[in-house]
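The values are calculated or read from the model by the stated rules, or taken from the named source; none is laboratory data. Keep in mind the model is a prediction, meaning the values are calculated, not measured. Neighbour counts are summed over all protein chains in view; Cβ atoms, including those assigned to glycine, are modelled from backbone coordinates with ideal geometry.
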Protein chains: 2
Amino acid sequence: MTVTLSRRLAAVRGSAIRDLLTLTARPDVLSLAGGLPASDALPRERIAEAAARALTAPAAVQYSETAGVAGLREVVAAHESARIGRPVGPADVVVTSGSQQALDLVARALLDPGDPVVVEDPVYVGALQVLQAAGAEVHAVPVDEGGLRIDLLAERLAAGLRPRLVHTVASFHNPRGVTSGPERRRALVALAERYGFLVVEDDPYGLLAFDGAPPVPVAAYGDRVVRLGSASKVLAPALRVGWLVGPAPLTAAVERLKQSTDLCGSSLTQTITAELLADEPWFTAHLAGLRTANARRAAALTAALDTELGHRITRSTPTGGMFVWVDFTDGTDTTVLLPRAVERGVGFVPGSAFATDGGFASSARLCFATYPPAKLHEAVRRLARALT
Amino acid sequence: MTVTLSRRLAAVRGSAIRDLLTLTARPDVLSLAGGLPASDALPRERIAEAAARALTAPAAVQYSETAGVAGLREVVAAHESARIGRPVGPADVVVTSGSQQALDLVARALLDPGDPVVVEDPVYVGALQVLQAAGAEVHAVPVDEGGLRIDLLAERLAAGLRPRLVHTVASFHNPRGVTSGPERRRALVALAERYGFLVVEDDPYGLLAFDGAPPVPVAAYGDRVVRLGSASKVLAPALRVGWLVGPAPLTAAVERLKQSTDLCGSSLTQTITAELLADEPWFTAHLAGLRTANARRAAALTAALDTELGHRITRSTPTGGMFVWVDFTDGTDTTVLLPRAVERGVGFVPGSAFATDGGFASSARLCFATYPPAKLHEAVRRLARALT
C-alpha cells in the first residue's frame, strides 16, 4: 500500500548513528559507537528495591500529573537550585520522557516553520533532528577545544541572524567531548539577552565530571536559559526520566503540549527516580563510583589510542562525559574505515554523522563508558588492524 | 520574561477536561470526570512480581529499541493477529508511550499544515488536540447511537472532501459510549479504499466488552487502517505502554519520528507489560474480573441515574468501556451545572468539552469505572441535589 508521508518528515535527516548501532550490535563487535552507560554501572538492585517500595502504593500504577510526580519535581528542583545558585521551585520543573522529549517539546512550543535556530557543529544529532522536524532553518556555529565559538556566533548575530534559540551541550560535549569555560558561558547569556533568543542548555553529562566538580551551568549566568537534564546517564536509561527547567511561559507551554503528546510519564519510573535522587548518601556514593570508573575507562581508551594510533591521530582529552573525539591527521576517511572496522570487530561513529553541512570526514566519536579497560584496549587494537 | 510561543501551539485547544480534573481532584469530590481505571482493579502485586523478575536482567535498565522490546512486540503481534484475523508480525508493531503518543506520531508522520482530517463529534479531545497541533484542517462528522454516521461521511466525501485520515473510537466510544456495528465498519473501510484516506482506529476499550466478546476491529475489514492499542485500561496507566499496527510505510515513519521524539520507551515497563500480556491464564482471568466489575459499576450508575434523574435525562446504556453519556432533556446547561455539582461533591465532564464546534450544552460524560457501586449512587444523589 502507498502511504504519503508529511513533507515535514522528509526534512528530518535519518540518524546514521542509529543505523550504525544496528550494524555494530553484533555480539562479536566491541561497539564504541553508542552513548550507552556500562550495564554494570546501572544500579539495578537499588532500582529493584525502589520499585518494590513504589508498588506498595496505588498511585504508582495510575496516571500521573502531566508535569511529573510531585516528589520527583521537588528533588529535581532542589538539585537544580543548588546547581544554578538561585531558587528553582517544583512548579518550574517539567518531567519528560528523557531529555530528548524535553528538546522535542521545547522545539514544538517555540518554533514555527522557517524560524532560524543555531546549533553547534559538530552537533548532537538528536537536536538537529528535532529542529528539522519542527521546520526550523538551522544555522551551525563551530565548536573548538573551548566549546561553542561565541566569537563566531556574535559575528553572525551582528550580521543580522536572529535565532529563536541556540542549542548547546556546554559540558562534556557530544560528540566533541569539550567543555565551555565560564567566560564563554557568560558571553553566551549576554548575547541571549541582547538579541532575545533562548539558550537551550542540554546537560545530560554535567554530573559526570571526573573531578567531582560539575561545571557551573550556563543557566547560572542569566535567566534566558532552558536547562535540560536527564537520569539516563546517572541512574538508568530505562527510567525514561528527563526534565526541563526554564522561563515560566515556556514550561507552561511544554506542559500543555506534553498533555496532547503522551498525557503523562510513568508514575512508576518517576517514583523510583525520585527515591534514588533523594537518597543523598546513596546517590553521592553512586556518582562517585561512576566518575571513578569512567575516568579509568577514559584513561585506558586514550592510552590505547596513543599507543596504537598516536602517529596518525590527534584526540580530545576527556574530563567527564562519555566520549573521545579523534581526528585522523593522515586523512583517513572514517566513513570508509567503518565497515572495515566492523569486520575486524570494532564499531565507532564517523565524524561526518555529526556534521551539519559536510565535514569531519577524518574524525570519529568513541564512547569510553560502555566497556572496562581491557576491552577498550582490545577495541583500539582492532581499529589499528582495520587501518593497515 | 516574555517568551514568544509558536503559532502552532496557539491552535491547540486547552483541555477543559484537564482543568476540570484539577478542580475535581479535591478529596471530598467524587469525580466521575476522569477516564481512570479503579485503583483496586490495577494488578499492582502482579506488576511488582514482574518488575522484580525483569530487574534480574541488565537489559531492563538500558536503552531499548525505538520500536519497543522484542518480547512485547511479539505478544502484541499475536494478540492483534487474533483480533483482526490475519497475520501481524512483530515488525508491524511500534510500541509507544500510551496510545496517545501513537496518535501524535501518526499525525506528525502523515500531516502537513492545512491537510484535511475527519474526527467524530463528540470527539476524543486528545485526538482533536493532536490534529490541531499538527496544523490539520479538522472536519467533524456526527456520532449517533450506532457510532460514526458513515452516511454523512459518505456525503461529505462525495461533495469533494479529501481527508488524509479519519479518526474513530469505534468500540465503546469516548465520550459517547456507543459502538459501531459491522456494517458501518465495513462501509468505513470501503470509503477509505475508494477515497484513499487512512482510518485511525483508536481502540483502548475493545477488550473491556462486558460480554467478553470484543467487537471485531475495523482493521479486520481492510488494510487502510492504523490500529492504536493501549495497556492503560487493561493493565495499568503507569506502564505508559501503547502501540500501533498499520501499513509498513507508516510504521517505519513513526519509528523514525519516535527516535527523534524520545529515543525509545522504557525497557522496564515494556518488559513488565510483555510478561503480563503473555501470561494467558492470568491475563484472561484478570480481564474477566475487570469486565465483571465494570459491568456491575455501569449497572449501578445507570440505575442510580434512572432513579434520581430519570425524569429529566436520557442516557446511553454501556456495553463496555468506561463511560455513560447523559443528555438533559430539560435543557440544563451542564457547564453551568458543573461548579454547583463540585460544590455538592461530585464531578463530571460537560458535553461541550467534547464538541468540535459548539453543541452538547446539555450533555455530560460520566465515568463508571473509578468507584464501587455505593459511591456511584452517592455521586448521583449529589448530582441530583446540585440540580435542585
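Annotation: of all residues in segment B:45-56 being in contact (Cβ under 8 Å) with a residue 40 or more places away in the chain and either loosely packed, with under 15 Cβ neighbours inside 10 Å or of a type in the set (D, E, K, R) (or both), the one that is farthest from B:Thr273 (Cα to Cα) is B:Arg53. Between A:Thr329, A:Thr334, A:Thr302, the distinction of being farther than 21 Å from A:Leu128 by Cβ and either crowded, with 19+ Cβ neighbours inside 10 Å or of a type in the set (D, E, K, R) (or both) belongs to A:Thr302 only. Filtered by the rule that a residue be closer than 16 Å to A:Ala59 by Cα and in contact with a helix residue (DSSP H, G or I) (Cβ under 6 Å, 6 or more places away or on another chain), segment B:27-42 gives B:Gly34, B:Ser39, B:Ala41, B:Leu42. Name the residue that is farthest from A:Val241 (Cα to Cα), counting only residues in segment A:75-116 that are surrounded by fewer than 24 Cβ atoms within 10 Å (Cβ to Cβ) and β-branched (Val, Ile, Thr). The selected residue is A:Ile84.
State whether one or more residues within segment B:75-84 are in contact with a Lys or Arg (Cβ under 9 Å, 6 or more places away or on another chain), in a helix (DSSP H, G or I) and of a type in the set (A, V, I, L, M). Within segment B:75-84, one or more residues are in contact with a Lys or Arg (Cβ under 9 Å, 6 or more places away or on another chain), in a helix (DSSP H, G or I) and of a type in the set (A, V, I, L, M). Summed over segment A:108-124, the residues that are within 13 Å of chain B (Cβ to nearest Cβ) and more than 16 Å from the chain's Cα centre (by Cα) give a count of 9.
Do any strands (runs of 3 or more DSSP E) lying entirely in segment A:293-388 carry at least 2 residues that are closer than 20 Å to A:Ala38 by Cβ and within 18 Å of the chain's Cα centre (by Cα), and which ones are they? Write out each step before concluding.
Working: elements: A:313-315, A:323-328, A:363-367.
Of the strands (runs of 3 or more DSSP E) lying wholly inside segment A:293-388, those with at least 2 residues that are closer than 20 Å to A:Ala38 by Cβ and within 18 Å of the chain's Cα centre (by Cα) span A:323-328, A:363-367.
Selection of first residues in segment A:263-292 that are within 14 Å of chain B (Cβ to nearest Cβ) and crowded, with 23+ Cβ neighbours inside 10 Å and of second residues that are outside any helix (DSSP H, G or I) and of a type in the set (Phe, Trp, Tyr), restricted to Cβ pairs under 6 Å at least 6 apart or on distinct chains, gives the following pairs, ordered by first then second residue: A:Cys264/A:Tyr63.
Number of residues in segment A:184-216 that are part of a loop (DSSP other than H, G, I, E, B), β-branched (Val, Ile, Thr) and crowded, with 23+ Cβ neighbours inside 10 Å equals 0. Out of all the residues in segment A:61-73, is one or more outside any helix (DSSP H, G or I), closer than 30 Å to A:Arg382 by Cβ and either more than 10 Å from chain B (Cβ to nearest Cβ) or at pLDDT below 95 (or both)? No, the conditions are met nowhere in segment A:61-73.
Per-residue answers, yes or no, for (1) within 24 Å of B:Pro58 (Cα to Cα); (2) of a type in the set (Ser, Thr, Tyr):
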position	(1), (2)
A:Arg46	yes, no
A:Glu49	yes, no
A:Thr56	yes, yes
A:Arg83	no, no
A:Arg86	no, no
A:Val95	no, no
A:Ala102	no, no
A:Gly114	no, no
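Of the residues making up segment B:124-163, those that are assigned to a loop (DSSP other than H, G, I, E, B) and in contact with a His (Cβ under 8 Å, 6 or more places away or on another chain) are B:Tyr124, B:Leu161, B:Pro163.
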